Each structure stands twice: as structure tokens, then as C-alpha cells.
Amino acid sequence: MRSKLIGSKEAIGNFQFVTINGRVEFEGKVARIAYSHSKAVKAGIDLALRGVSLNDAVKELYKIIPYAFYAETAYKQALASVENNGNKVEINKEWIACRGNKSDNGNRGIKFHVFEDHVEVKVKDPWDKWVHGKAYFGKEYLPLLHELEELSRRKEEGYGAVISFKDYPMIHLQIPLWLYLKHFSSLKPNGYGLIAGFNLNSDRLNVVVVSKDGKVVTKKTWWYSDVTRPGFPKGKAMALRLNALSESLNSLSRVGVDYVAFEDLFLVKRRKFTRSKSGNRKVSRFAKRQLLIHGVIKALRLGFNVVLVNPKGTTNSEGHDKVMRKKGFDRHTASAYLIALKGLEVIKNNE
């Protein structure tokens, strides 16, 4: 049976697709397209701050990048940036993006075709014809991409696509979650109905497992304290956090856990900064939503059902303080315990 994801509408909307990445070697020039698309996003931010409608914004941005699907995507990216960052949005990189739609045979601006050892990529040039390139994904992704290509051809699925240029050209394809899980999920033995609550932190991962009646079965903390040191490489820090998440999920599949619960961070609109400089550094460097997304996808792949709970009261509340006193838990373990109990309540309400 396919794993379930239970959460708010905001959260579910962020888990419709999984992004896979491949390196691209282009046969033609794409620099002008990337420059113009990024310029359109910058202009789109000003329009978004003024509350300009989508139709009017696309007409305006079409003057910068004369392809409606690029202009529409640029404005939607501008809207998302403004929603996440307010009026403090900086665009200092170049990229190409085009939203997907099943009625457009998957995607109008960036198309692909799967061969035996690579994927042909075509990028629409608004001022000329298509620019061709070869993309290289892991071989394990080729059957998945082949099926997505067929679904797109039959107008049954769409896919978003982005071309980035940080160190070298990369293509990022948004794969429908159900299709990704179809190709990469593993079967998990039925457990005992246990639920694990996860508390994600900048320097540690706390997990508490409870039974159906809310009793603590086991708890554990995975530490990665070094990642908060000044100058610690950001990429290495994220790798250590992701590794801890993977280790914890693999261990839970062996002790009878069927459900995992995370805080629904998509209900939290803005980061909360503290008066502490070191605390602010930890918050600003800690990509918590990225870690959450990895954890949810990994859990679904391993066959767990995932519950995203409202984070209100799981950190600073009378109930949180009471759990710390009664159970003798530190504040992070107490949060994981409350997240597990909230998940248990959601599960009972959905049965």
C-alpha cells in the first residue's frame, strides 16, 4: 500500500513534486535567455510589491523576455520571493525556468527526450529556434524520465524545469511525487502502529517514539554540533544533517514504527531571530525547510506514513515546560515528544 502524507494544504502543496538534477552540455548559447529571464524576475519583484495582476505583469515582462511561458514563470518566481522575503529580495544569479502543464505536453519552454545513456534537452530561444543539449542523470533515473516523457506526450502529466549556471549548466526537473515514489520506494514490514516525533535543530536531531496510547517507547538524539561553528562549510553541514536524518529513519523501520511526525513548517511564515548573535547565526545558516523536505521524501520512500503537525506549543508553552519537569526531558526531546503526541492525535482523527 502506498505511503500517506497528512498535513495542511500549504504543506501538501509543497510536496507535489520531487526535483532531480542532471548536468547539461549545450550545443548552442543560452546566456542571453538566462540573463533575460533573471532580469524579468527582478522586474517582476517590483511589480509584485505593487500588487500587479498576473496578466498585466506577463504583458510587461514580455518586453524583457518575449515568450509568454518564461514571462509567466518569472512573475510567479517573483511573487514567491516576495512572499518569503518581503521587500528584501536580492537577485544575483542567472537561470532559466519554465512552469509545467500537462495540457502543454509537459512543458512548453524546456523539453527532454530519453536515450539509452543520456537525455536530450531542448530550450526555447525567444529570439530564435531551440537550443539543444545533452543532460546526464544517474542511470537509475532514466526509466523514471522515460515514463514521464510518455505521460507528458499523452498530456497526462506536466513537469517544471529550471536551468542553473552556478559552476556549470545543470537541469532541475520537477517529477510528480507519485511517479518518483513508484520508481524509488521500498516496501517496509508492517510495524506495531508506533509513531516517531522528529525535532529538527541546527546542531542535533531529536526523536521520540510513542505507542498508540502515548507512552514513550524509546528516544534518541543524533548530534552534529560542529556544523554551527563559524566558518564550517555550509554544504558539509547540510550533508551531516541529512545523513543523521537518513540514519534515524533507517533505524526506526527496524523497531516497529509506522508513522513519523514532523512540524509543519509551511504554517510558519517567517524565521524567528533571537537577541543572541550566535543564535542568529545558527538560524540564518540552518535551512530547516530543506531538511524537512528531505525527511518527508525519505520517509515516504521507506514506506512510512508521514504526519505534519501544527508547531504551535511544541517549543515555548506551558505544556512544553510541564513535559520537561514531569519526564525529565531536555527542551529538544520534550519538543519531539509533543510532536509525536500531536501526530498521534492527527492519526486518530483521520482513521
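A few remarks follow.
- For segment 126-186, applying the loop criterion from DSSP together with a ceiling of 16 other beta carbons within 10 Å to the GluC sites (Glu not before Pro) yields 156.
- Atom-type composition of the exposed protein surface of segment 27-138 places 46 percent of the accessible area on carbon and sulfur (1.4 angstrom probe).
- Once the Cα gyration tensor of the chain is diagonalised, semi-axes √(5λ) in Å: 39, 24, 19
- Among the GluC sites (Glu not before Pro) within segment 1-42, those in coil by DSSP and having at most 15 neighbouring Cβ atoms inside 10 Å are 27.
- Mean separation of Cα contacts under 8 Å, 6 or more apart, over the residue count of segment 16-97: relative contact order %: 39 percent
- Value of relative contact order over the chain, rounded to a whole percent, pairs C-alpha under 8 Å and six or more apart: 19 percent
- For segment 188-226 versus segment 67-112, the gap between their alpha-carbon centres in whole angstrom: 37 Å
- Estimated FRET transfer efficiency (residue 184, residue 80; beta-carbon r; R0 25 Å; 0.05): 0.40
- Förster radius 45 Å - calculated FRET efficiency between residue 147 and residue 312, Cβ distance, rounded to 0.05: 0.65
- Two-site FRET efficiency, residue 12 against residue 287, from Cβ-Cβ distance with R₀ of 25 Å, rounded to 0.05: 0.75
- Residue-normalised accessible area of the chain, expressed per residue, 1.4 Å probe, Å²: 54 Å²
- Remark: segment 26-34, residue by residue, has Karplus-estimated 3J(HN,Hα) of 8, 8, x, 8, 10, 4, 5, 5, 5 Hz, where x stands for each Gly or Pro and the curve is 6.51 cos²θ - 1.76 cosθ + 1.60 at θ = phi - 60°.
- Other-chain or far-sequence residues with amide H under 5 Å of residue 261's (modelled H): 196, 197, 198, 307
- Where labels lie 7 Å past Cα in the beta-carbon direction, separation of residue 220 and residue 246 in nm: 1.6 nm
The values are calculated or read from the model by the stated rules, or taken from the named source; none is laboratory data. Here the structure is a predicted model, which means the values were calculated and not measured. Cβ atoms come from the backbone with ideal geometry, glycine included; neighbour counts cover every protein chain shown. Quick note on the areas: whole protein, heavy atoms, side chains included, nothing else; ligands and nucleic acids left out. Shrake-Rupley method; radii C 1.70, N 1.55, O 1.52, S 1.80 Å.
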